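A short reminder: the numbers here are calculations on the coordinates, not readings from a lab. Quick caveat, the model's predicted, so the values are computed rather than measured. Cβ atoms come from the backbone with ideal geometry, glycine included; neighbour counts cover every protein chain shown.
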Amino acid sequence: MEILNHDIIILGSGLAGMTSAIHASRKSGNRLEIAIISKLHAMRSHSVAAEGGISGVLYPEYNKDSFDLHAYDTIKGSDYLADQDAVEILVENAPKEIIFYDHLGVPWNREEGGRVAQRPFGGMSIPRTAFAADKTGFFMMRSLYDEILSMNNIHIYHEHFTTSLLSKSGKFIGVVAIDLSTGNARLFRGKACIIATGGASRAYKFTTTSHASTGDGTALAYRSGFNLKDMEFVQFHPTALVPSGILITEAARGEGGYLYNSEGKRFMERYAKSKMELAPRDIISKAIITEIKEGRGLLHEESKLRYINLDMRHLDPKKIDERLPMIKDITIKMLGIDPAKDPIPVRPAAHFTMGGIDTDKKGRMSMGNGNESVGFWAVGEAGCVSVHGANRLGSNSLSQCSVWGRIVGEDVADYALKENSLSDGGVVREAEIEEARIAKMLDSNGKNNPYEIKEELTSTMDELVYVYRTTDGLRSALKKISELKNSFADIHLDDKGKIFNTNLRDVLELENILDIAHVITEAALNRTESRGAHSMVEFPKRDDKNWLKHTILSKGDTSDNITYLPVTITRWQPEERKY
Amino acid sequence: MRASRFMILLYVCMVGIPVLLLIYAFSYLFSQLFIERLVLAIIAFGLILYGILSFVDVYARKKGVNPHEVQIKLRFLERKKIEEGAPSLGKEGEKVVNLKIKRFNPDKKGLEESSYKMFADSLTTVLDMLLGVKASKDSTLAMRYSCRMGICGSCGMVVNGKPVLACETNVFKNLEKDEISVEPMQGHALLRDLVTDFDDFFEKHSSIKPGLYRVDEKEKYEPTKPYYQSKAELDKFLPYSYCIMCGLCVDACPVSNTNKDFLGPQALSQVYRYNADSRDQKGLRRIFDVDTLDGVWGCEFAGACSEVCPKGVDPATAIQLLKAELSKNLLKED
């Protein structure tokens, strides 16, 4: 097996992965050898699909914004589950990161006079979301990628699928990844590993995320015994295009769009009188599903999905062209609808994984069952610090990725500079065991079609682990998932080829989302309250007495262990959440 | 709910009736009374079950609409039946399409054609159909895709002879006699099926040293305040920053297809993008680097690149602007 040696190994090439690479490199004076391993071409990671913008207090003297206000909005938005010390780190560092992207070349929309423009976003009391049209994530990704090309010590491995994390007595020693272009397994040895593989919304069928968002790093961490945190909190974005699930940015409402039910009423009046369409996402998603359940939704003929209307017809068409060009392009190409002339059919779709790999404030991971680990970090959507708690505010994710990209990158660099050499013990043997496991998987000739398993899994999640959840529903989802896991043990993998075997990749991804779906459902069933994005029909109220705590879940020998971690409260006491 | 009621009826018809016939056939073994009772019991059982389910259905509808009314599983099977040539085509606005795919076989180093009968409706995209092939017909099909919303740049391929992104190409709008053909971009080296090799493309992009250049490195990485940029300055480079690196322009470019050393429209457009950014401090060095026969002067202004760009980048114009800029500076030096 081919062996490649680096100091730092980064899994994932989205905003979090690329920013941590840049900052780790800078911190070491460009001395550390850094590998970015991406299952896609590195510049195509799902961060490119981020539309609306990035939050940060840029001009406090001009618009009376403040760190405290941004922190308060974020904490209230999180339904008080966010760790407040982490939120303070986020808001204090976010402005610097927005300026960093300016220095890398992101074409921020500007006001007359050259100031970076900021738009209103859900749950934010002041317009504080900087944006580059409705392609903010795309522009950031391209700038980061181009920046990395100038750093000779950062090596990008495009289209490599990581299948296992290797460690020796808790210490990171390397990863095994399959080079898709040749089908060969390669061993990447390193001193430290950063997991930046993004979210896992592809555990759902109706989702805004790209096909690649299968939570690969999160599943790897789970199988290796690391702690996952708050996995029950899945954000459902209220406005996903019907029937494809493509994201229609919150900025459509930030720029003035309205939501109408089948009776032509702006129904948000009933649910969030003061914020209306700019209430946080959990509240709007619940409102939409309630409207649909009570019969005030519309029916999409082709897909039979129920939806409500997002209406931008009253906006100046010039504003749409300048600030929401991609949305217009997408609705025209996909549905033949011009948002300036017709309303857009939307409904809530799985969008963001608030939970993730449990980390401390520096992004370091921890093991379950009291086991120790060194050399593992998680960052971005894959990690959970936690700043988003039970519900993320729109445009806080890009700041989170960037702020912790810097923190983690620098922390990892310090660690890797101190570690002298790559450890040797048994790493090749372990890698060969993994190679054999993949070879065996490639040999599968069982009776089940993995694509049908995926279809059933994701449909089950859509139906039973959606915006509103019930105990019975979650129980039957868990049962279904374990049946599907059994079916997965007997699949057929038809493609036996070496070169670009996407059939094998699909199966590896399915293995991951099976685990993720299981963990989400299990954690959801365990939390007997409603908070943020997690709404139990039987327990409609938030229960701070029993549940103001993080769920920590790790894989045990026979079943998963669930423990709890207190929420850090600094200056903002939990209060009733009203908008 | 309606589906399961239908299943009960089906059960009564398919299982109940043959069982009844069997019992009648062997009736001489039992007394007349016993058989009559058995028959009545089976019919009653079926009716009661049907009644209960109807009641539940009505009740459920009274309570409100199930937001998950779509029966995805059923639809999947329904589609399969339609594709396999069941008599009815389903609803109006649905079609069975003949999808022809030219696939590159890496062992034989040549293209082979496969065709599939695929279900499509008015909203189906080429990518949807390819994913359908993978899920239910032939999972060995290799292709790239990810965001399915035209921003990641993965799924560039040639549909009916035109280089496009599969995810934003509607099937119905591109049908020719209920047929559609898909092949890989052949302006790049081929890896397998619809997957092309991007190494050369990325290498060329990297060779122009993209990225904003700033003299003050400390401010760049430990930033304190945004650089000034006016709206007019932004507009100068903005359209050229839309490049998603999908490779379609290179596939379409007649020069790239004949001269492997030509930098190509993508890389050259990015030289212009950074050069035109008022924040860049690299100055003319950036454009002098491409003042070569395989750089800007290789372009013959065919314009195919701009025509096929799915994001409205206009590489052809960018290259002519670079040529103009170079000429201007050449004159100055003279």
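Would you tally the net charge around A:SER47, using a Cβ to Cβ cut-off of less than 12 Å, leaving A:SER47 out, and scoring K and R as +1, D and E as -1?
Charge balance near A:SER47 sits at +1.
Taking every DSSP helix (H) stretch of at least 4 residues in chain A, weighting each as -39,500 (n - 2.57) and dividing the sum by the residue count yields a mean residue ellipticity at 222 nm of -11500 deg cm²/dmol.
Per residue of A:496-507, other chain Cβ atoms within 10 Å of the residue Cβ number 5 on average. Each other residue within a Cβ distance under 15 Å of B:ALA44 adds +1 if Lys or Arg and -1 if Asp or Glu, for a net charge of 0. For peptide A:402-412, the mean count of partner chain Cβ atoms within 10 Å of a residue's Cβ comes to 0.
Here the Karplus relation 6.51 cos²θ - 1.76 cosθ + 1.60, evaluated at θ = phi - 60°, turns the backbone of region A:364-379 into coupling constants of 7, 7, 9, 9, x, 6, x, 7, 9, 9, 9, x, 10, 10, 9, 8 Hz, with x for every Gly and Pro.
Each Lys or Arg adds one and each Asp or Glu subtracts one; over the other residues with Cβ under 13 Å from the Cβ of B:SER114, this totals +1. Peptides A:329-337, A:31-39, A:66-74 ordered by packing proxy, namely the average of other Cβ atoms within 10 Å per residue, highest first: A:31-39, A:66-74, A:329-337. Taking a straight Cα-Cα cut-off under 16 Å and skipping sequence neighbours fewer than 8 places away in the same chain, the aspartates and glutamates within cross-link reach of A:LYS304 are A:ASP462, A:GLU463, B:GLU69, B:GLU78, B:GLU92, B:GLU94, B:ASP121. Each residue in B:CYS152, B:CYS253 was given a count of other beta-carbon atoms within 10 angstrom of its own, and listing them fewest first yields B:CYS253, B:CYS152. With the convex hull of its Cα atoms as the shape, the protein assembly as shown has an orientation-averaged projected area of 41.4 nm².
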